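S.K.: Just dropping this structure here.
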Amino acid sequence: MSRIGKKAVAVPSGVTVTLDGQTVTVKGPKGQLAWTVAEEIEVRQEGGELLLTKREDTTRAQAMWGLSRTLVNNMVVGVTAGYERTLELVGVGYRAAMKGSALSMQLGFSHDVDIPPPAGVTFAVPKQTEIKISGIDKQVVGEIAARIRRIRPPEPYKGKGVRYQGETVRRKEGKKK
């Protein structure tokens, strides 16, 4: 049984939630997000909280209950605080810079890798070997961070590549004589 689905989603002051059928729209100081909840889940607003309940007791309704609650909570957190992922570049000559609003990286290829930011996402380069990705949609921020990491994932012998901040790379032993 879902324990996450039972918890109410707290709506802080300054955030307005609009329920239009199955569509939940959350508007806050950082922007606006909308998501359509599965048919098996009912969303109610009581005071400063959102309550999600199952319409019927099926396996799919059980599975969607906790997921829906988490996604609605992520929208509320996104429009109030936002989300941020930090990537580290490890390797000789690996560096990042901003070209206007786009991110330009040198990752050991014969060319620079330029990535334009998707809508609602901003890049920042505080150091040449550090990239900060921020936005209000947790899924989009995580997806663009994963795409950047996929360009040059960390390799196990020297640990070179793009990695998440705090990620540990499992190292392998090299050749022996």
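S.K.: Considering the stretch 135-146 alone, what residues qualify as being free of Cβ contacts under 8 Å to residues at least 12 places away in the same chain and of a type in the set (A, V, I, L, M, F, W, C)?
M.R.: The one that is free of Cβ contacts under 8 Å to residues at least 12 places away in the same chain and of a type in the set (A, V, I, L, M, F, W, C): Ala146.
S.K.: Checking the condition outside the structural domain of Gln45 (by TED's automatic domain parsing), surrounded by 18 or more Cβ atoms within 10 Å (Cβ to Cβ) and under 29 Å from Gly5 (Cα atoms), which residue from Ile144, Ile148 passes?
M.R.: Ile144
S.K.: Scan the stretch 80-119 for residues that are under 18 Å from Glu155 (Cβ atoms) and touching a Phe, Trp or Tyr at 6+ places or on another chain (Cβ under 7 Å) and jot them down.
M.R.: Matches in the stretch 80-119: Leu87, Gln106, Leu107, Gly108.
S.K.: Going through the stretch 114-146 one residue at a time, which ones are aliphatic (A, V, I, L, M) and part of a strand (DSSP E or B)?
M.R.: Those that are aliphatic (A, V, I, L, M) and part of a strand (DSSP E or B): Ile115, Val121, Ala124, Val125, Ile131, Ile133.
S.K.: Pick from Arg149, Arg163: which is within 30 Å of Thr70 (Cβ to Cβ), charged (D, E, K, R), in contact (Cβ under 8 Å) with a residue 12 or more places away in the chain and assigned to a strand (DSSP E or B)?
M.R.: Result: Arg163 is the single residue among Arg149, Arg163 that is within 30 Å of Thr70 (Cβ to Cβ), charged (D, E, K, R), in contact (Cβ under 8 Å) with a residue 12 or more places away in the chain and assigned to a strand (DSSP E or B).
S.K.: Let me ask something additional. For the stretch 1-14, which residues satisfy the criterion of being surrounded by 14 or more Cβ atoms within 10 Å (Cβ to Cβ) and over 19 Å from Gln139 (Cα atoms)?
M.R.: Those that are surrounded by 14 or more Cβ atoms within 10 Å (Cβ to Cβ) and over 19 Å from Gln139 (Cα atoms): Ser2, Gly5, Lys7, Ala8, Val11.
S.K.: Go through the stretch 118-146 and count every residue that is out of contact with any strand residue (DSSP E or B) (no Cβ under 7 Å at 6 or more places or on another chain), closer than 25 Å to Leu71 by Cα and not polar (S, T, N, Q).
M.R.: Of the residues in that region, 4 qualify.
S.K.: Within the stretch 15-81, considering only strands (runs of 3 or more DSSP E) that don't extend past its boundaries, which have at least 1 residues that are aliphatic (A, V, I, L, M), over 22 Å from the mean Cα position of the chain (by Cα) and buried (at least 18 other Cβ atoms within 10 Å of the Cβ)?
M.R.: The qualifying strands (runs of 3 or more DSSP E) are 41-46, 49-54.
S.K.: State the number of residues belonging to the stretch 50-89 that are hydroxyl-bearing (Ser, Thr, Tyr) and either within 17 Å of Thr25 (Cβ to Cβ) or in contact (Cβ under 8 Å) with a residue 60 or more places away in the chain (or both).
M.R.: 4
S.K.: Let me ask something else about it. Scan the stretch 160-171 and give yes if some residue there is surrounded by 18 or more Cβ atoms within 10 Å (Cβ to Cβ) and at positive phi, otherwise no.
M.R.: Checked against the condition, which is being surrounded by 18 or more Cβ atoms within 10 Å (Cβ to Cβ) and at positive phi, the stretch 160-171 yields at least one hit.
The values are calculated or read from the model by the stated rules, or taken from the named source; none is laboratory data. Keep in mind that what you see is a predicted model, and the values were worked out from it rather than measured. A quick note on method: Cβ atoms are made from the backbone with ideal geometry, for glycine too, and the neighbour counts reach across all protein chains shown.
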